[in-house]
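A short worksheet on the structure shown next.
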Amino acid sequence: MSLATIRESPGLDKYLDGLEERLGAAVEECPGLVATVGAEALAAGGKRLRPLLVFLTAPEGGMPIAGGAAVELVHTATLVHDDLIDRAHFRRGKAAAWSIYGPSAARATGDYLFARAFSELSAAGDPAAVEILADATLCLARGEALQRTQTRDPSTTVEAYLERCALKTGKLFEAACRLGGGSGAYGLALGIAFQIADDVLDCSGATIETGKIAGTDLRDGTPTLPLLLAAQRDAVVRAALAGGPMDGAFVRVAATGALDESRAVALDYARRARARLDGELHRDELEALTHAVVDRER
């Protein structure tokens, strides 16, 4: 079952239509520059994967649009802020918000999207849901801080890298599943698998799936699993990851076998996610999703 097939699940079209309407209304709540920039960021594309998790983990008859909108708003906020922090000029082939409107507008837009996310949940009158998303958002901030300390450090351990994956990606996947009523452990493992697969794609030359230019991690000195494994085996890659010359380093990563080894780790986390499923209404779709997040275009 492919991601396209998963999206044919009964009731999903109605949910996604309602989600887009809710997202549009959320960012238009306070008209102005940040609303305009926020709307453009949401319209830039993306798979709406986190809201999809909310839907797939919901009980029969559930239509958790508020939870889906909230996690997507948080996710979009992190992308706006990440592009600003990293000074990335493009996201999914389009100019990043900060490069068009300036750093201050991008920073304010990210903050606005975070605020609108919590407004969506608070309006639903569910304090537990607010707590779930607040915890995930705190983890995102911790993960970003951890990445700053690991930047250009080829001695970063695999364990520290996986901790960062859990904080920056896994915890929001976990929150999406919990907001739907499903297994947070499934979401956490799925998110880590997703992030490792993204990092492999960055090293293999793929750009459409990740939304960023291939090789960004090596140029920025971000120690991902394939780069850490390659750096252990190749002095040129190690030097480049530490901020040294890039000449020839990118093509040497694949020659070390690090991409295949990293993909095997992603597959292992996907298996862990499947092992956490137990009686979910959309079990087949959730199982298929564990394959789809790893078996993307390489």
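The values are calculated or read from the model by the stated rules, or taken from the named source; none is laboratory data. Everything numeric here is computed off the predicted structure, so don't read it as measured data. No Cβ is skipped: glycine too gets one built from the backbone with ideal geometry, and neighbour counts run over all protein chains shown. All accessible areas refer to the heavy atoms of the entire protein, side chains included, with ligands and DNA or RNA removed. Shrake-Rupley method; radii C 1.70, N 1.55, O 1.52, S 1.80 Å.
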Query raised in the report: Which Cα, out of Ile192, Ala249, Thr149, lies furthest along the positive dipole direction of the chain (beta carbon charges, K/R +1, D/E -1)?
Result: Ala249
Query - Accessible surface, the chain, averaged per residue in Å² (probe 1.4 Å) - result: 42
Requested in this report: Would you tally the net charge around Glu40, using a Cβ to Cβ cut-off of less than 13 Å, leaving Glu40 out, and scoring K and R as +1, D and E as -1?
Outcome: +1
Query raised in the report: Based on DSSP H runs of at least 4 residues, each adding -39500 (n - 2.57), what is the mean residue ellipticity at 222 nm of the chain after dividing by all its residues, to the nearest 500 deg cm²/dmol?
Result: -21500 deg cm²/dmol
Requested in this report: Take the solvent-accessible surface of the protein heavy atoms, probe 1.4 Å, and return the percent of it on the chain that carbon and sulfur atoms account for.
Outcome: 53
Report task. Any chance you could look up the accessible area of Arg142 with a 1.4 Å probe, heavy atoms only, rounded to 10 Å²? Result -> 120
Query raised in the report: For Rg and Dmax of the Cα atoms in Å, the choices are [x] 19.1, 70; [y] 24.6, 78; [z] 18.7, 56; which was calculated from the structure?
Result: [z]
Requested in this report: Please report, in debye to the nearest 20, how large the charge dipole of the chain is about its Cα centre when each Lys and Arg carries +1 at its beta carbon and each Asp and Glu carries -1 there.
Outcome: 640
Query raised in the report: What full-extension length gain, to one decimal in nm, is calculated for Met246 and Phe90 as 0.36 nm per residue of separation minus the Cα-Cα distance?
Result: 54.1 nm
Query raised in the report: Top to bottom by accessible area (1.4 Å), largest first, where do Phe118, Phe173, Phe90 land?
Result: Phe90, Phe118, Phe173
Requested in this report: Assign unit charges at the C-beta atoms only (+1 for Lys and Arg, -1 for Asp and Glu), then state the dipole size of the range 40-164 relative to its Cα centre in Debye, rounded to the nearest 20.
Outcome: 520
Query raised in the report: Lysine pairs, Cα distance under 24 Å, 8 or more residues apart or cross-chain: how many in the chain?
Result: 9
Query raised in the report: What full-extension length gain, to one decimal in nm, is calculated for Asp295 and Ala254 as 0.36 nm per residue of separation minus the Cα-Cα distance?
Result: 13.0 nm
Query raised in the report: Taking 0.36 nm per residue of separation and subtracting the Cα-Cα distance, what length does fully extending Arg233 through Ile100 add?
Result: 43.8 nm
Query - Dipole axis of the chain (+1 Lys, Arg; -1 Asp, Glu on Cβ), positive-most option in Leu138, Gly67, Ala176 - result: Leu138
Requested in this report: Could you order Asp295, Asp220, Asp234, Asp260 so the one with the most accessible surface comes first? Probe is 1.4 Å.
Outcome: Asp260, Asp295, Asp220, Asp234
Report task. Heads up, I need the accessible area for Lys47: 1.4 angstrom probe, whole protein in place, Å², nearest 10. Result -> 70
Report task. Place a +1 charge on the Cβ of each Lys and Arg in the range 156-239 and a -1 charge on the Cβ of each Asp and Glu, then give the dipole magnitude about the Cα centre in debye, rounded to the nearest 20. Result -> 120
Query - Label-point separation, Asp268 to Arg148 (7 Å along Cα→Cβ), nm - result: 3.1
Query raised in the report: For the range 25-134, what value does the Rg/Rh ratio take when both radii are computed over Cα atoms and Rh is the Kirkwood radius, given to two decimals?
Result: 0.99
Query raised in the report: For Glu261 and Arg7, what does the FRET efficiency come to when R0 = 35 Å and r is the distance between their Cβ atoms, rounded to the nearest 0.05?
Result: 0.65
Report summary line: Reported to the nearest 10 Å², Arg272 has, with a 1.4 Å probe, an accessible area equal to 120
**Report entry** Span-rule helices in the chain, defined as complete DSSP H runs reaching 18 Å or more along the axis (Cα) with Kyte mean at least -0.5
**Finding:** 12-27, 65-86, 103-123, 127-150, 184-204, 258-275
**Report entry** Charge-dipole axis of the chain as Lys and Arg at +1 and Asp and Glu at -1 on Cβ define it, positive-most pick from Ala230, Tyr112, Leu84
**Finding:** Ala230
Query raised in the report: With each label point set 7 Å from Cα along the Cα-Cβ vector, what nm distance links Glu28 and Glu159?
Result: 5.1
